[in-house]
Amino acid sequence: MSPFFESNNKKFLKITLIFVLSILSFTVSSSPLFAQESQDTLKVELDAIQVTAIHSTITAADAPLALSTFSRDLQTINHQASLSLSVIGNRLPGLWVNDRQNYALGERLTIRGIGWRAAFGVRGIQVILNNIPLTVADGQTMFNIVDPAFIREAELIRGPAATFWGNSSGGVLYLSTEPNYGSDDFNIRLRTMGGSFGMRKGEAEIWVSSPTHRMSAYTSYLKTNGFRDYSAAKVWRSGLAGSVRLSAKSRLEYNAAAIFMPQAQHPSSLTAEQAAENPTMAIPTYVTAEAGKQSTQTQAGLSYILDTSAGILNITGYGIYRDLNNPLPFAIITIDRWAGGLRGTFDKSWNHFNLQVGAESKFQHDDRIEFENLNGNRGQVQVDQIEQVWNQALFTTGTFSFSRFNILAGLRYDRLLFSVDNPASQQSGERVFQSLSPSIGVSYQPENHTVFLNLSTSFGAPTTTELVNRPGGGNGFNPFLEPEKTVGIELGSRGTVFDQSLSYDFAVYRMWINDLLFPYQLQTNGAVFYRNQGKAIHTGLEGSFSWQINNNWEFSSTGNIIRAEFQKAQTLEGLSLSGKSVPGIPKYRINSRLAWSPQAFLGSISYEYVSSYAVNNLNTAENDSYSVFDAKFSYRIMLSGDVQLQPFINVNNVFNRRYNGSVVVNSSGGRFYEPAPGRNWQIGISLGF
C-alpha cells in the first residue's frame, strides 16, 4: 500500500470532492465570458450518435439515462497493446475491469458494483459484441471471445436495463469492432508485438467498402507464459462484420466471431501472505489437478432491416456453439453448448413520438458432464445431464419529444424455463422464473447540456452453473435459488462547454437489490455454491470529463464513489451482515490520462487509484488500496503512397508497485487475492496500407 494514501486518506477525500465539484462547475460555467475567452479552433459538428445499446433511434445526447460512449481512432489503437479491456473500461465511468492475469477465468467486470459475486467470468451484466449477445439465456457471459485490440467503439448503460435486454442486465456493455468506413475503402493493418512473461502476439485486419457493401475482418494469435506460475495461455481469435444494401430501403447486416483456446492454465487465488511473499506462485493442488480451460466457441448472426411506409422492421437471429473442458481440483467439467436467439422489432414514428414493439426468444442447450478429477485424469462421473433454458419476452418502448424535453419509457415481460433431463431425488428438474421490467426516464436539454432523471429495473436469474452447484452434488437444479431483483434511480447531466473543447458526464444513483445471490464455499478447493440472502443498497456518484487543451494536449479523467452495504443479511452461521460493505467493491476509484500528440508522435501517461475494499461478507479481510502509473509511446512513419508504420512501446506499472489487481470474494481458506504484475512492457510495430 502506498504510504501517501495510508497517511493521507483525508487528502484523498478532499481531492475526490474537488473532482466532483469541478465536474459540477463545468455544468454551469458555459457563460458568455468563458465562451469569449476560449481560443480553441477544434470545434466540429458531428453526426448524432444512435444508441445501439438500447435498440432505439434516440441519440446519445437525447437519451434520458446514464449512458457513456467511447471510440478509438486507428492511431490510438496502434498506440497500445490492448491485452485487456481495461484500456476501454478505464475511460467509462461506472465500469470496472479487473485483469485477473488468468485466461482460464477471464476478466472480472462490474458496473456500479453489479457483478461482484462472479468467481469466474461475468455475472449480472449484459455484454454484446457486434450485435450478438455474449450473455446467453441463463445470464452467463462468455467473454474470452472478445479481443480488446480490435474494439473501435463502446457504449455503456450504467444502470439497470432489463427493459431493453431482459435477464442479467444490471448494466449493458455494447462493443463494436467495425471501423469508420470511407466511401470507397480498401485497407489492411498488420501488427506484431512481444513483451514481458514470454508474450507474443500477431494481428491482422482488413476492411473494405463500396456504395453497396462494407466489410471488416480480423484475426489474432496470442501466446504467453503468464505473470504467475502455471498461467500460460494460447488463444486464436477471429471476427467478421459487414453490411449489404439490398435496395434503397433495405439492408442485410452480418457478423461472426470465433475463439480457439487450447491452453489456459489456472494458478488459483492466494492468501494475503502468499500474495505478499510470492505473488507468482500457483496453488499446488491446482497444478496437480491440471486446472485450467480448453475451449472453442463460434458464433454468427444476421440482421434484416426494412424501411416501409408503415415503419421500420428489424429482424435479428444468431447462433452460438461452445465446447468447454474445464479441469478443477474438485471435478473435470465438460460442456457442449448450443445457444442462440431471434429478435424482431417494429418502429413507427409520428411527429414527436416513436413507438417500438418487439418480441424475443433465446435458447440454451448444455450437455454437461462432471467427472471426478484424479490428478488431471477423468474418474467417476458425478453429474451427467442435459440442461435447457428457454427465454421468451415481449417488450415495448416509447419516446416522446417536445420542446427541449425527451421522455423514454418501456416495459418488458420475460419468462425463463430451466429444465434438466435427469434430476436426482429431492432436486428440481424444472425451474420457471418470470419478470416484469418497467423503466421511465426524462431529459431536458438547455443548449449543449442534457439533464436526465431515470427509474429502471433489472433481474438476474441464477445461471445453470449456480443452480447445479449445491451441497450434496448430483444431477438436477437447486430448488431454492431465486432471481436477484434490482430497482435503480439516477440523476445526472452530460454535455460540452468552452466551445465544445471540454465534455463532461456525471450521475448520482441509488440501487435497491433484493434476494442477493451469495457465493460461498464449504471447503478449500471446493465448488462455489450460491444462496439467496437479504438485501443490499448501492449509492454512488460517478463522472468523467475530457478536455482538449489545445491541438497537442488532451486530459481526461473518470471518478467513481460508491457505498454498497448489506441490509437484512446474515452468514450461514447466522451472524448479521447489516451495515457491512458488499465485498469486491471499492468505495473510491479514479482513472486519469494525459496525452501529448505533436504531429506524428503520441505519448500518454495514465494513472489509476483504487481504494481498499472488503473481500468477504464479514469484512474481516480487505484488499489494500493501490495506485499505478502506465506510460505509452508511439510514432507514425509515412512511407510511399498510403503505407505507414507505427512502432510503439508500453510500460505498465512504471514504479513497480506491488498490489493485487483482482480478488475472489468469499473464497475459502483466505485465498482471496489475485496478484497483478510489477513493472512490465510490450513493444511492437504496426503496418497499414
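The values are calculated or read from the model by the stated rules, or taken from the named source; none is laboratory data. Note that the structure is predicted; figures quoted are calculated from it, not measured. Cβ coordinates were reconstructed from backbone atoms using ideal geometry, including for glycine residues, and neighbour counts include every protein chain displayed. Only protein heavy atoms, including side chains, enter the accessible area calculation; ligands, DNA and RNA are left aside. Shrake-Rupley method; radii C 1.70, N 1.55, O 1.52, S 1.80 Å.
Shape of the chain from its Cα gyration tensor (a ≥ b ≥ c, root eigenvalues): rounded if a/c is under 1.5, otherwise prolate when a/b > b/c, or oblate? The shape class here is rounded.
Annotation: amide H of V664 within the under-5 Å range of Y673, E674, sequence separation 5 or more or interchain, hydrogens built in the peptide plane.
Its Cα centre serving as origin, the chain has a Cβ charge dipole (Lys and Arg +1, Asp and Glu -1) of approximately 640 debye. Amide H to amide H distances under 5 Å link E484 with G460, A461, where only residues 5 or more positions off or on other chains count and H is placed in the peptide plane.
Around the amide H of M193, modelled in the peptide plane, lie the amide H atoms of K201, all under 5 Å away and 5 or more residues distant in sequence or on another chain. What are the aspartates and glutamates whose alpha-carbon lies under 17 Å from the alpha-carbon of K249, with same-chain residues fewer than 8 places away excluded? Result set, ordered by chain and number: D307, D347. Accessible surface of E622, taken over heavy atoms with a 1.4 Å probe and every protein chain present, rounds to 90 Å². Average accessible surface for region 505-644: 43 Å² per residue, computed with a 1.4 Å probe over protein heavy atoms with every protein chain in place. When you filter the chymotrypsin sites (Phe, Trp or Tyr not before Pro) in region 323-407 for DSSP loop state and at most 13 other Cβ atoms inside 10 Å of their Cβ, you are left with W350.
Selection among N375, S183, V654 by position relative to the dipole of the chain gives V654 as farthest towards the positive end (Cβ unit charges, Cα centre). Our summary gives region 487-622 a relative contact order of 17 percent, counting only alpha carbon pairs under 8 angstrom and 6 or more residues apart. For the chain, the relative contact order is 13 percent, taking Cα pairs closer than 8 Å that sit 6 or more residues apart in sequence and dividing their mean separation by the residue count. Net charge within 15 Å of R343 by Cβ-Cβ distance, Lys/Arg positive one each and Asp/Glu negative one each, not counting R343 itself? Charge balance in the 15 Å sphere: -2.
Quote the charge dipole size of region 387-459 about the Cα centre in Debye, to the nearest 20; the model charges only the Cβ of Lys and Arg (+1) and of Asp and Glu (-1).
For region 387-459, the charge dipole is close to 260 debye.
Under 11 Å from the Cβ of L173, count the other residues' Cβ atoms, weight Lys and Arg +1, Asp and Glu -1, and hand me the total. Charge balance in the 11 Å sphere: 0. Protein-only accessible surface at a 1.4 angstrom probe places the residues T464, T316 in the order T316, T464, largest first. Quick one: which of K201/K632; K293/K632; K362/K535; K201/K293; K485/K587 span more than 24 angstrom between C-alpha atoms? The answer is K293/K632; K362/K535. To the nearest 10, the accessible area of L618 is 60 Å² with a 1.4 Å probe.
Of the GluC sites (Glu not before Pro) found in region 430-520, those that fall in a DSSP loop while having at most 11 other beta-carbon atoms within 10 Å are E447.
Dipole of region 267-423 computed with +1 at Lys/Arg Cβ and -1 at Asp/Glu Cβ about the Cα centre; of N406, I386, W350, farthest Cα towards the positive end is W350. A cut-off under 10 angstrom between Cβ atoms defines the neighbours of Q382, and their net charge, with Lys, Arg +1 and Asp, Glu -1, is -3. On the protein heavy atoms, probe 1.4 angstrom, tell me the percent of accessible surface of region 480-557 carried by carbon and sulfur. Whole-percent figure for carbon plus sulfur exposure: 58. Note on exposure: V381, V665 ranked by accessible area (1.4 Å probe, complete protein assembly) read V381, V665, with the most exposed listed first. Mean residue ellipticity at 222 nm, helices only, the chain: -2000 deg cm²/dmol; runs of at least 4 DSSP H residues each add -39,500 (n - 2.57), and the sum is divided by the number of residues. Averaging the sequence gap over all C-alpha pairs within less than 8 Å and six or more residues apart, then dividing by the number of residues, gives region 558-689 a relative contact order of 18 percent.
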